Amino acid sequence: MSSDLPFWELLQSESVLTLATADTIGSWSAPVLYASCYIEEKPVLYFLSSHSSRHIKNLPTNGAAAASVYASYQGDWQAIKGLQMQGVINEVDQSQTLHWQSIYFARFPEVAEIINNPTTEQQQKIASAFERSGKFSFTPSLIKLTDNSGRFAERNQWTFD
């Protein structure tokens, strides 16, 4: 099912997810690297973030957030493609850490290499930060695809319960 949905190719080809959260001070967005998979017929996007980052600290108790993924602009407005999403951010349960790592490191083997075999002081700092960072998932409840290659501002959307 997953590979049949028009948004799946874009999720698989891009690597930066912009997360948006809000608190009493205001709204905030942050880019994170992500890797996606399907769990129980729902897309799930895994990412890494510090527990002290504003976008994580802003999360309401229900984890509600918005997110977007866009293909790089190549000078042709008719080729604009992107996903707008609403959903929930959760910290990955300890029992799911190996699954999270297998998906994330398959997408970013260079990150795994730095973490597992740091060769410089900077890489050692990155490896140490990784160990302290939280492993999170963003599970969309709504995905809206914008694809200008068809009709201008053509949109399709999917909901997931």
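Laboratory data are not the source of any read-out in this text; all were calculated from the coordinates shown. The shown structure was predicted, so the numbers you read here are calculated from the model rather than taken from an experiment. Counting neighbours? That spans all protein chains shown, and the Cβs are built from the backbone with ideal geometry, glycine included.
Before moving on, here are some points about what is shown:
- Based on alpha-carbon atoms, the Kirkwood radius and the radius of gyration of region 66-161 give Rg/Rh equal to 1.10.
- Per residue convex hull volume, Cα atoms of region 37-111, in Å³: 154
- Dipole of the chain, positive direction: furthest Cα of N62, S149, L45, with charges on the beta-carbon: N62
- Were the residues from N90 through R54 laid out at 0.36 nm apart, the gain over their Cα-Cα distance would be 11.5 nm.
- Between the helical axis of 97-107 and the longest alpha-carbon principal axis of the chain there is an angle of about 60 degrees.
- With contributions of -39500 (n - 2.57) from each DSSP H run of at least four residues, the per-residue ellipticity at 222 nm computed over the chain stands at -7500 deg cm²/dmol.
- Proximal aspartates and glutamates relative to K135, as straight alpha-carbon distance under 18 Å, when same-chain residues fewer than 8 apart are discounted: E91, D93, E110, E113
- nm² value of the averaged projected area, convex hull over the Cα atoms of the chain: 11.1
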